[in-house]
Amino acid sequence: MWTRIVASALLLLVAACATPAPHGAPPPSPLTPSSIVFGTDMAWAQLTLALNQRALQILSLVPDRAADARLVSLAHDLTVSHTDENVRLTALLSQIGAPAYNPHSGHDMPGMATAAQISSMSATRGDAFDKLFADSLRAHLTQCQNLAHSMRLSGKLPDALALAATIESARQQALTRL
């Protein structure tokens with residue numbers, strides 16, 4: 001059932017991407033035949049890229065604020081893996097022919113730390129920070145894992161399916177460490 005919910009959410013997000021951009025936003029590029037065929041793949045890559053970019057913001061707070069050395073180690077490892085994933089996601093989007101503008105960047109979505117959460121984390125240290133960070137990271141990892149699982153069920157492009165499998169597994173390992 002959860003898979004259906006996430007798959008439905010992905011389809012709704014793809015449909016939402018087809019709505020006109022807000023005033024001042026760059027106009028979306030015309031869809032290429034490749035991006036139409038791989039719409040689910042494109043939406044997943046854009047969502048995951050936006051999620052990773054926001055996660056990198058909270059991961060950067062950990063070294064100076066965390067009390068638990070295990071969180072520092074996990075944050076370091078996730079920073080490296082998320083940065084690598086972002087390179088791969090960007091290449092995948094280019095391969096699909098996606099527009100350079102990511103309609104999900106800057107939006108608050110499930111699994112993303114909000115500006116208020118980031119502000120709270122920035123203002124705390126020690127055990128209080130660890131709790132806020134762990135809660136936010138758990139939401140991020142769980143959402144990315146769910147999206148990657150849905151992608152593996154609904155995607156088409158072999159490179160995207162392979163990356164989704166890698167991300168799904170990596171998120172499960174990180175959740176276990178957390």
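Within the range 125-156, the residues that satisfy the criterion of being in contact with a helix residue (DSSP H, G or I) (Cβ under 6 Å, 6 or more places away or on another chain) and of a type in the set (Ser, Thr, Tyr) are SER136, SER150, SER154.
Restricted to the range 92-132, and to residues that are of a type in the set (D, E, K, R) and touching a residue at least 24 places away in the same chain (Cβ under 8 Å), which residue is surrounded by the most Cβ atoms within 10 Å (Cβ to Cβ)? Filtering the range 92-132 for residues that are of a type in the set (D, E, K, R) and touching a residue at least 24 places away in the same chain (Cβ under 8 Å), the one surrounded by the most Cβ atoms within 10 Å (Cβ to Cβ) comes out as ASP130.
Listed conditions (1) touching an Asp or Glu at 6+ places or on another chain (Cβ under 9 Å); (2) surrounded by fewer than 17 Cβ atoms within 10 Å (Cβ to Cβ); (3) among the aliphatic types (A, V, I, L, M); (4) at pLDDT 95 or above are all met by LEU175, apart from (1). Taking the criterion of being buried (at least 23 other Cβ atoms within 10 Å of the Cβ) and either outside any helix (DSSP H, G or I) or at positive phi (or both), the only residue of the range 133-161 that qualifies is GLY155.
Note on the range 3-111: enclosed helices (runs of 4 or more DSSP H) holding 1 or more residues that are hydroxyl-bearing (Ser, Thr, Tyr) and modelled with pLDDT under 85 are 33-37. For THR124, the conditions (1) closer than 14 Å to THR48 by Cα; (2) in a loop (DSSP other than H, G, I, E, B) are fulfilled apart from (1).
The values are calculated or read from the model by the stated rules, or taken from the named source; none is laboratory data. These numbers come from a predicted model, not from an experiment. Cβ: placed from backbone, ideal geometry, glycine included. Neighbour counts: every protein chain shown.
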